[in-house]
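S.K.: The structure that follows is given in the form of structure tokens.
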Amino acid sequence: MTHYLLRRFCAMFFILLCVSIITFSLMHFVPGDPAEIIAEKKFGENVTTETVELVRREMGLDRPIFIQYFRWIAGVLQGDFGSSSSTGRPVWNEIMTKLPATAELALTAMLVSLVIAIPVGVISAVKQYSIMDSVSMVGAMLGVSMPNFWLGLLLILVFSVNFGWLPVYGRGEITQLILPALTLGTGIAAVTARLTRSSILEILKQDYIRTARSKGLIETAVINRHALKNALIPVVTVVGLQFGALLEGAVVVEVIFAWPGLGRLLFDAIYARDFPVIQGCVFLIAVMYVIVNLIIDISYAWLDPRIRYEVK
């Protein structure tokens, strides 16, 4: 396990290094002069050439790009992502202010998806070709096919506009979390339910399931104790990948529901061409994505004791 973790950390370092290079390069790939854009944000649109050159020197944009990158990554390693060109506040403070809201939304959406997907997938597998199986899979297909923004608008129309049961925007009360979490969690639930069903169907064909049944175990014990745990390995893999997708999908959902999270911050930064905030948000999302996938890999050994990360 130790050797495996070392290899994984080395891979994480390489991945994050590549992400940092790509993220930093965003500022230089977009059309326009970054120094001029930042100067316009600070001093207005009618800036002089002298002001632009002053900002260029202050930001270090007059130096070679590789020196700019090393300065930026050195600051990142110390928790310094620079300052927002829109607000002037440190980017790290901006991110830490918004991150709890995104974490709350993502974790709730993931909980919603698992509460829906695991029971639906298990019941569909056990009751294969039944009416419940057909209805569940049709619902899963609709959940996969429907974009987040469209589902969010439908939920707002039904539960907020027509019935007035739930608020449309804001954060602070549990009722304000329901619609964004449902919007994010439904699509993931659809994918997870389909995978859970197919995985359990495959496990139910195994010899040890027939042995468990021949010993007289009740069907509930066979499903819960033997089939479900072994079927969760591919499900856990997809859940880990989907959690990273939650951070991506949260951008659209947070904008629709005016949720004050990291996704909304990133959207506003892109609209305002606030490069330091964009760089910080993208890099932090990549870090969280990589860490989640490491946790998922380690969880395999707990789900299936036959899995061991040994050096051969």
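The values are calculated or read from the model by the stated rules, or taken from the named source; none is laboratory data. Being a predicted model, the structure only gives us computed values, none of them experimental. Virtual Cβ from ideal backbone geometry, glycine too; neighbours counted across all protein chains shown.
S.K.: Select from the stretch 11-47 the residues that are assigned to a helix (DSSP H, G or I) and farther than 20 Å from F70 by Cα and list them in ascending order.
M.R.: A11, E36, I37, I38, A39, E40, K41, K42, F43
S.K.: Looking at (1) modelled with pLDDT under 75; (2) under 23 Å from F9 (Cα atoms), which is the one condition that is false for F283?
M.R.: Unmet for F283, out of (1) modelled with pLDDT under 75; (2) under 23 Å from F9 (Cα atoms): (1).
S.K.: Test of understanding: among E40, E53, E36, E45, which residue is charged (D, E, K, R), modelled with pLDDT of 80 or more and either farther than 17 Å from V19 by Cα or surrounded by fewer than 12 Cβ atoms within 10 Å (Cβ to Cβ) (or both)?
M.R.: E53
S.K.: Right, here's the next one. Give the residue that is surrounded by the most Cβ atoms within 10 Å (Cβ to Cβ), with candidates limited to residues of the stretch 261-285 that are within 19 Å of Y169 (Cα to Cα) and touching a Cys at 6+ places or on another chain (Cβ under 9 Å).
M.R.: Per the criteria, the residue is L262.
S.K.: Now, a different point. Among A250, A258, A221, A231, which is the only one that is farther than 24 Å from A286 by Cβ and surrounded by 18 or more Cβ atoms within 10 Å (Cβ to Cβ)?
M.R.: None of the others qualify; the one that does is A231.
S.K.: Let me ask you something else. Is there any pair linking a residue in the stretch 12-26 that is hydroxyl-bearing (S, T, Y) to one that is loosely packed, with under 15 Cβ neighbours inside 10 Å, with Cβ under 9 Å and at least six apart or on different chains, and which?
M.R.: Sorted first by the residue in the stretch 12-26, then by its partner, the pairs are S25/I65.
S.K.: Name the residues in the stretch 23-33 that are surrounded by fewer than 19 Cβ atoms within 10 Å (Cβ to Cβ) and on the phi < 0 side of the Ramachandran plot, would you?
M.R.: S25, L26, H28, F29, V30, P31, D33
S.K.: When you check P276 against the structure, is it assigned to a loop (DSSP other than H, G, I, E, B) and touching a helix residue (DSSP H, G or I) at 6+ places or on another chain (Cβ under 7 Å), yes or no?
M.R.: Criteria not met by P276.
S.K.: Look through L155, L114 and report the one residue that is more than 16 Å from the chain's Cα centre (by Cα) and of a type in the set (A, V, I, L, M).
M.R.: None of the others qualify; the one that does is L155.
S.K.: For the stretch 48-65, state whether one or more residues are under 19 Å from F283 (Cβ atoms), out of contact with any Lys or Arg (no Cβ under 8 Å at 6 or more places or on another chain) and assigned to a helix (DSSP H, G or I).
M.R.: The answer is yes; a qualifying residue exists.
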